[in-house]
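The block underneath contains the structure these notes are about, expressed in structure tokens.
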Amino acid sequence: MSPSVSAPVDTVTVGPIEGSEKGYRAIAGSNGTLRVPFRRISLTNGDHHDVYDTSGPYTQYASEDQLHDLQAGLPKTRDEWAKPEPVATENGGAGARTQLAWARAGVITDEIRFVAAREGFDPEFVRAEVAAGRAVIPANHKHPELEPAIIGKAFAVKINANIGNSAVTSSIGEEVEKMVWATRWGGDTIMDLSTGKDIHETREWIMRNSPVPVGTVPIYQALEKVKGDPTKLTWEIYRDTVIEQCEQGVDYMTVHAGVLLRYVPLAANRVTGIVSRGGSIMAAWCLAHHEESFLYTHFGELCEILREYDVTFSLGDGLRPGSIADANDEAQFAELRTLGELTKIAKSYGVQVMIEGPGHVPMHKIVENVRLEEELCEEAPFYTLGPLATDIAPAYDHITSAIGAAIIAQAGTAMLCYVTPKEHLGLPNRDDVKTGVITYKIAAHSADLAKGHPGAQSRDDELSKARFEFRWVDQFNLSLDPDTAREFHDETLPAEPAKTAHFCSMCGPKFCSMRISADVRAYAQEHNLVTQEDIAAKLAADMAEKSKEFTDAGGRVYIPLETAQR
Ligand code: IRN
Ligand code: FE2
């Protein structure tokens, strides 16, 4: 790493997530053992529940003393994994070493074994999905610190967290911490969108310490190199930037190659024009030169570069709608058709591809986006930014966008790019990053449930059982954010006994519906009440009794704490 970095990273968040322990499961790779990460949540009834884990070793360290040397980076584990022989592709002869080319040649790589074990699928099924281009494993050969993940609609919906400094705010240290923080809460990938100074060094620190795939938008750094004037960009400057980032180990790159000169006027009459940063840079270049985009005209060369490292294309949606009014318009879908064309070209070179999608789309227009993407882009994994289902709630756009994200993920989107509460307003800080990640985990998991992803529901079932049985600690620890769940509970009932008490803070001990249902169940068992009518009658009687108790006790909804803690 560059010694010129003035503010080296000296600390990041370490330590287990409350109530759980990080573990690794050993499986056989073709060159030795592969260690597949998971997180084990221990329950107070002696059971445990294992969940997918993205946090790398950071949650395994008990204290900062055990932390690896951030300057040296994480262990380069993947350097020891098997590297199969290069295989031929349609375009460019003998030499592809990509997950796509290998999968098509029938090779099951260690990366495939790893992701298959991580998600509970058969490696052969994973290989077939990758071979078909319906799933990607972004894993640059030069990112040996990576714990690979698979992105595709047959697998658990993934989420991406954007981080990155700008010319005006934040240091390298803060960005590395944001990466660690985002993956702690479940970020499956991160994108470093840094602009301003120290771009290369910031990325180097992030790469060497990131256990998850890292994405970038190379045009941002290329623009820095021409001092922010898009008209000065050239293919050569862009190409060299891409190579520089490939060499650092970036796993996937957003390339806005579908913004064609002739599409730019289509956005002219929109309410919000072109909102994509990369898209507007390319539109400005095309208009200034009145030439076709160099990303489009040099696409084959770009494929050759990405293939060398097995960097995955994330074909950018430079013309995505930036408002409800602009959703699903001609500019957006014209670009999508071009992305379909480019998908076929990239795959003919053996390069993996994802497709980026909107944006701002009202709920009734969301599913059409997925269907069209699947049709035009051979079901390449769709990767969307939300979409926001309404424009009217700045400061709450994690929520407006999670509504759209849940719908689009249920329809088949493979990865969701998070939106934080600061969207449209400012850069996210550490708290916003966590809020964005948790919000998007909710959308992704809700979609997994709706899609019947194997095993998705077991966590809901465990948590619900814990809730029903008043195992408060288990309820906290099984949740996406145990710390906040505990904190909210403690605001109302801080005492330790309240965490095992058989009532919750919403109803108090006297009229808790969960309590009554548990009683009903016990009563039914004792008295052999088997029909729904029997149970309903008992329930009605109990409810009437509880209602009387409530009125007799003075009809107060909030009972004094001393009473509640009995
Ligand atoms: C995802 C889907 N569509 C856009 N994104 C992400 O938005 C993209 O991957 C990048 O992280 C961010 C900004 O992209 P633009 O504004 O340069 O297109
Ligand atoms: Fe927006």
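The values are calculated or read from the model by the stated rules, or taken from the named source; none is laboratory data. Just so it is clear, the model here is predicted, and its values are computed rather than measured. Positions of Cβ are backbone-derived with ideal geometry, glycine not excepted, and every protein chain shown enters the neighbour counts.
Among the residues of this structure, Glu129 does not count as one that is surrounded by fewer than 17 Cβ atoms within 10 Å (Cβ to Cβ) and in contact with a helix residue (DSSP H, G or I) (Cβ under 9 Å, 6 or more places away or on another chain). Name every residue in region 73-95 that is over 18 Å from Glu147 (Cβ atoms) and either at pLDDT 95 or above or not small (Gly, Ala, Ser) (or both), in order of residue number. Those that are over 18 Å from Glu147 (Cβ atoms) and either at pLDDT 95 or above or not small (Gly, Ala, Ser) (or both): Pro84, Glu85, Pro86, Val87, Thr89, Glu90, Asn91. One residue alone among Tyr418, Tyr396 is within 15 Å of ligand 2 (Cβ to nearest atom) and closer than 15 Å to His445 by Cβ, and that residue is Tyr418.
Could we say that Ile392 is touching a Pro at 6+ places or on another chain (Cβ under 9 Å) and aliphatic (A, V, I, L, M) here? For Ile392, the condition - touching a Pro at 6+ places or on another chain (Cβ under 9 Å) and aliphatic (A, V, I, L, M) - is not met. Between Pro428, Pro381, which is away from ligand 2 (no atom under 12 Å from the Cβ), modelled with pLDDT under 95 and crowded, with 22+ Cβ neighbours inside 10 Å? Unique residue meeting the criteria: Pro428. Thr189 is checked against (1) of a type in the set (Ser, Thr, Tyr); (2) crowded, with 24+ Cβ neighbours inside 10 Å; (3) touching a helix residue (DSSP H, G or I) at 6+ places or on another chain (Cβ under 7 Å) and fails just one. What number does that condition carry? In the conditions (1) of a type in the set (Ser, Thr, Tyr); (2) crowded, with 24+ Cβ neighbours inside 10 Å; (3) touching a helix residue (DSSP H, G or I) at 6+ places or on another chain (Cβ under 7 Å), Thr189 misses (3) alone. Within region 9-61, being of a type in the set (Val, Ile, Thr), closer than 25 Å to Arg471 by Cβ and either without any contact (Cβ under 8 Å) to a residue 24 or more places away in the chain or assigned to a loop (DSSP other than H, G, I, E, B) (or both) holds for Ile17, Thr44.
Every residue, every condition in (1) within 15 Å of the chain's Cα centre (by Cα); (2) outside any helix (DSSP H, G or I); (3) among the charged types (D, E, K, R); (4) not assigned by the TED database to the domain that holds His364, yes or no:
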{"site": "Ala393", "(1), (2), (3), (4)": "no, yes, no, no"}
{"site": "Ser401", "(1), (2), (3), (4)": "yes, no, no, no"}
{"site": "Gly412", "(1), (2), (3), (4)": "yes, yes, no, no"}
{"site": "Thr439", "(1), (2), (3), (4)": "yes, no, no, no"}
{"site": "Ala444", "(1), (2), (3), (4)": "yes, no, no, no"}
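Of the set (1) in a helix (DSSP H, G or I); (2) among the polar types (S, T, N, Q); (3) under 21 Å from Tyr252 (Cα atoms), all apply to Asn369 but (3).
Close Cβ contacts (under 6 Å, 6 or more residues apart or on different chains) running from residues in region 307-318 that are in the same structural domain as Ala331 (by the TED database) and within 16 Å of ligand 2 (Cβ to nearest atom) to residues that are among the aromatic types (Phe, Trp, Tyr) and part of a strand (DSSP E or B) are absent. Does Thr33 satisfy being within 26 Å of Ser171 (Cβ to Cβ), in contact with a strand residue (DSSP E or B) (Cβ under 6 Å, 6 or more places away or on another chain) and modelled with pLDDT of 95 or more? The answer is no for Thr33. Scanning region 356-392 for residues that are out of contact with any strand residue (DSSP E or B) (no Cβ under 9 Å at 6 or more places or on another chain), closer than 16 Å to Gly152 by Cα and within 16 Å of ligand 1 (Cβ to nearest atom) gives no hits. The residues on offer are Tyr252, Tyr220, and the sole one that is in contact (Cβ under 8 Å) with a residue 12 or more places away in the chain, away from ligand 2 (no atom under 16 Å from the Cβ), of a type in the set (Ser, Thr, Tyr) and surrounded by 23 or more Cβ atoms within 10 Å (Cβ to Cβ) is Tyr252.
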